[in-house]
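Report on one structure; see the data block that follows.
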Amino acid sequence: MSPQPRRMMVLGLLTTLMLALLLTAHLTRATESALAVKVGGKVSELLHAGLPDSATQGDEVEKSKESVVSGEIGKHFHVRPSASTPKTAAVAGCEYPVVIHVTPDGHCTGVLALYGSIVRNVLMQPEALKGKTCVHVTYMDPALTSIEEMYKWTARPNPFSTPEDCAKLDKMPALNDVVPIRFQALRGIEKPDFMQALLAEWLVALNKVHSWAFDAYPLILLMDADSIQITNLHLIFDESNPRDTITGAPDQFNDCGDRSRINGGMILLRPSRYFHINALEMIYDQDSSCTSQRWEQSEQELLNCLCGTQGPPNGLRHEFSCAIMPFYNSVWPRNYACSAVNVEPMRSIHFTAATKPWKVDPQKLSERFDYGFWGCVLNGTRGGSGEVLKACEMAGMEESRKLDTLITPEPMGGE
């Protein structure tokens, strides 16, 4: 074969090869493009499910706000993507934030006394706490229909004009200057059909779970309104393990040696939206109610099932590390004589499994040191006087050992 035809054959083969390569590249790009559209569309569907386009706004927006349980992201719960919590949600310089949930009833008096006791603790230990302590009061706002709106954690004006004890929480300049106070709205939680809380107030307490998303701080201390702070608030934070998501006070219902479960009355929490949504998912999953199958103990059962202090030994969410606090961080009146309290002074008292102090005749509060201390703090707070608060004395360990056998005061009117 002459050189010319051979050259033409080689050129033909090269041309064919180049065309084949170009066709392959085109088909590959087309396939990748189609895959990208498919995957991208699915990602968009997952990330923006429930977000209406401009043509279908209105009814769709209202529909997306109506139901907490839509099933679009997660098995039971749907939260649309939203911006991170702004830095302004935190009180500047606050290292020891305390979060208290309030309902507009007798708990207002408890919240006022608890707030005053925190102010007193700061006044008594200014080197450790002054300028580093703040309080956030959470409340359920029926007008707040969106979890995404709640996640902004906007500081609200005091929503209470009554009862008086709630209304005055932010109207005591001498105390508010010592411990800044803010109000945060929570969305109500739709209770699952299978939930049967043992007490009506425990049903309402489920709303507190929303505060587990309050990530304006790396750590928050959740305290129940029937508690009173005494001393060393900073050590409750500083002595915790930084790896733990939940550090809870021991549940002491049986006796002072019963430390196997968490009590919801004091929780040191590393809050996050991820943790919050996991907890909400569990609320609507009946199998997650690991002891009663109906959330009889509300958010306290949720905590213990999540952590494994009840139910599965390793908990239902292994990625969240849990621990139980030292006993003296939160002591019940029935257990003052426990040896742990004889070693370390009580840091706070939780008036659970006992008469609530605001239900006791004010004239009889002084019959016991714990109720007397609570009454003194309440009066000092109502008067807006830091000096009166500082004058409120808490009994020492010797006296507290003698009170475990005494009967707690009866409520007024035999309630």
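The values are calculated or read from the model by the stated rules, or taken from the named source; none is laboratory data. All figures in this text were calculated on a predicted structure; none of them were measured in a lab. Virtual Cβ from ideal backbone geometry, glycine too; neighbours counted across all protein chains shown.
Summed over segment 111-139, residues that are more than 27 Å from K356 (Cα to Cα) and in a helix (DSSP H, G or I) total 4.
For a quick check of your reading of the model, give me the residue pairs whose first member lies in segment 148-164 and is on the phi > 0 side of the Ramachandran plot and at pLDDT 95 or above, whose second is aliphatic (A, V, I, L, M) and in a loop (DSSP other than H, G, I, E, B), with beta-carbon atoms closer than 8 Å and at least 6 apart or on different chains. Final answer for the pair search is W153/A216.
The condition of being in the same structural domain as C322 (by TED's automatic domain parsing), of a type in the set (D, E, K, R) and within 27 Å of H76 (Cα to Cα) holds for only one of D251, D215, D226, that being D215. Per the listing D224, D170, D193, D177, the residue uniquely buried (at least 20 other Cβ atoms within 10 Å of the Cβ) and charged (D, E, K, R) is D224. Scanning segment 257-267 for residues that are buried (at least 21 other Cβ atoms within 10 Å of the Cβ) and part of a loop (DSSP other than H, G, I, E, B) yields a single hit, R261. Of the residues making up segment 307-321, those that are surrounded by 19 or more Cβ atoms within 10 Å (Cβ to Cβ) and modelled with pLDDT of 80 or more are C307, F320. Of the residues making up segment 365-379, just one is under 28 Å from the mean Cα position of the chain (by Cα) and of a type in the set (D, E), namely D370. Against the test of being modelled with pLDDT of 90 or more and surrounded by fewer than 21 Cβ atoms within 10 Å (Cβ to Cβ), the options N241, N278, N254 yield a single qualifying residue, N241.
Checking the structure you have, find out if any residue of segment 345-359 is surrounded by fewer than 18 Cβ atoms within 10 Å (Cβ to Cβ), hydrophobic (A, V, I, L, M, F, W, C) and closer than 21 Å to N121 by Cα. Within segment 345-359, none of the residues are surrounded by fewer than 18 Cβ atoms within 10 Å (Cβ to Cβ), hydrophobic (A, V, I, L, M, F, W, C) and closer than 21 Å to N121 by Cα. Given the condition more than 16 Å from the chain's Cα centre (by Cα), acidic (D, E), closer than 30 Å to H78 by Cα and in the same structural domain as A225 (by TED's automatic domain parsing), answer yes or no: does some residue in segment 163-178 qualify? No, segment 163-178 contains no residue that is more than 16 Å from the chain's Cα centre (by Cα), acidic (D, E), closer than 30 Å to H78 by Cα and in the same structural domain as A225 (by TED's automatic domain parsing). Being part of a helix (DSSP H, G or I), outside the structural domain of D165 (by TED's automatic domain parsing) and within 19 Å of C256 (Cβ to Cβ) is the requirement here; does E399 meet it? Against the criterion (part of a helix (DSSP H, G or I), outside the structural domain of D165 (by TED's automatic domain parsing) and within 19 Å of C256 (Cβ to Cβ)), E399 qualifies. Scanning segment 284-294 turns up at least one residue that is closer than 14 Å to C307 by Cα and part of a helix (DSSP H, G or I). Do you know which of the residues in segment 349-392 that are in contact with a strand residue (DSSP E or B) (Cβ under 6 Å, 6 or more places away or on another chain) and part of a helix (DSSP H, G or I) is nearest to P104 (Cα to Cα)? Checking each candidate, the answer is W374.
Residue under question is V99, and the condition is that it be part of a strand (DSSP E or B), touching a residue at least 60 places away in the same chain (Cβ under 8 Å) and over 16 Å from V204 (Cβ atoms); does it hold? For V99, the condition - part of a strand (DSSP E or B), touching a residue at least 60 places away in the same chain (Cβ under 8 Å) and over 16 Å from V204 (Cβ atoms) - is met. Of all the residues in segment 325-371, those that are small (G, A, S) and either more than 19 Å from M412 (Cα to Cα) or at pLDDT 95 or above (or both) number 5.
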